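Working notes, beginning with the structure itself.
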Amino acid sequence: MKVIAINGSPRPIGNTSNILNDVQDMFEREGIEMETIHIYEYQLVNCNVCLTCEIRGDGRCMDEDDGLNDILDRLRSADAILLAGPTYANACPSVMQTFMERAALVFEKGDLGLNGKIGGALAVCAHDGGSLVYNQMVDWLLRNGVCVCGANPLPIVHALNSPQYEDDKQGMKGVRALVENMTALLLRVNGYS
């Protein structure tokens, strides 16, 4: 079983990436592999809604040079998808927004490649906007047919500079609950429970 996490932060070292490192440890303790794709490593171009993905119908974007198609193929091969992003100006950062816009259109017009997969989302914010980012990512997952796991409390972590995420006990409790719920569903779907 494999989880692909999308790190939607433009910062190489920050709360989001550090939380994902902790999440990877949590999954691996349960025997579930996790790979993180850092969106900041790609120079994704903005979607111009050319609809070539619809014309082609093969689940690929016409821009073959920026790595998006590779990311989409890796997501298709995963058992579960985890989106993680910080809050920038009360929304997902532009790198994450670009990824979600392009990927959603390719999946919608192509092969519905995430339909039926397990998913989850977690957000990080300094003081406000975390629920907006969380909902933005959950909506993206739902629109792509992903069975989204929830958590109580919600996996929204309040932190400014890393490693301040460790100080938000409620937020990290939500992250742990999300991992537990995704793990339980992965095990059940794969006949282990």
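The values are calculated or read from the model by the stated rules, or taken from the named source; none is laboratory data. Being a predicted model, the structure only gives us computed values, none of them experimental. Ideal geometry is used to build each Cβ from the backbone, glycine not excepted, and the neighbour counts take in all protein chains shown.
Computed quantities for the displayed model
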quantity: Segment 99-143, residues that are touching a residue at least 40 places away in the same chain (Cβ under 8 Å), surrounded by fewer than 21 Cβ atoms within 10 Å (Cβ to Cβ) and out of contact with any strand residue (DSSP E or B) (no Cβ under 8 Å at 6 or more places or on another chain); calculated: GLU101, ALA104, LEU105, LYS109, GLY110, ASP111, GLY113, ASP128
quantity: Residue count, segment 159-177 (criterion: more than 15 Å from ALA121 (Cα to Cα) and either part of a strand (DSSP E or B) or of a type outside the set (Asp, Glu) (or both)); calculated: 9
quantity: Helices (runs of 4 or more DSSP H) fully within segment 3-93 counting 3 or more residues that are at pLDDT 95 or above; calculated: 15-29, 68-77
quantity: Failed item, numbered, when GLY129 is tested on (1) at pLDDT 95 or above; (2) out of contact with any helix residue (DSSP H, G or I) (no Cβ under 9 Å at 6 or more places or on another chain); calculated: (1)
quantity: Some residue of segment 180-193 being surrounded by fewer than 22 Cβ atoms within 10 Å (Cβ to Cβ), farther than 23 Å from ALA103 by Cβ, among the aromatic types (Phe, Trp, Tyr) and in contact (Cβ under 8 Å) with a residue 40 or more places away in the chain; calculated: no
quantity: Residue satisfying all of: in segment 9-53; polar (S, T, N, Q) and farther than 20 Å from LEU178 by Cα; surrounded by the most Cβ atoms within 10 Å (Cβ to Cβ) among these; calculated: THR52
quantity: Test: residue in segment 139-146 that is closer than 13 Å to GLY171 by Cα and either of a type in the set (Phe, Trp, Tyr) or within 12 Å of the chain's Cα centre (by Cα) (or both); calculated: no
quantity: Count - residues of segment 75-96 that are closer than 23 Å to GLY14 by Cα, of a type in the set (S, T, N, Q) and surrounded by fewer than 17 Cβ atoms within 10 Å (Cβ to Cβ); calculated: 2
quantity: Candidate set: segment 149-173, residues that are crowded, with 21+ Cβ neighbours inside 10 Å and of a type in the set (Gly, Ala, Ser); chosen: the one farthest from the chain's Cα centre (by Cα); calculated: ALA159
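Residues are listed down the side, and each one gets a yes or a no for (1) out of contact with any Asp or Glu (no Cβ under 9 Å at 6 or more places or on another chain); (2) under 26 Å from ILE32 (Cα atoms):
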residue: ALA78; (1), (2): no, yes
residue: LEU82; (1), (2): yes, yes
residue: PRO93; (1), (2): yes, no
residue: PHE99; (1), (2): yes, yes
residue: GLU108; (1), (2): no, no
residue: LEU122; (1), (2): yes, yes
residue: ASN135; (1), (2): yes, yes
residue: VAL146; (1), (2): yes, yes
residue: LEU178; (1), (2): yes, yes
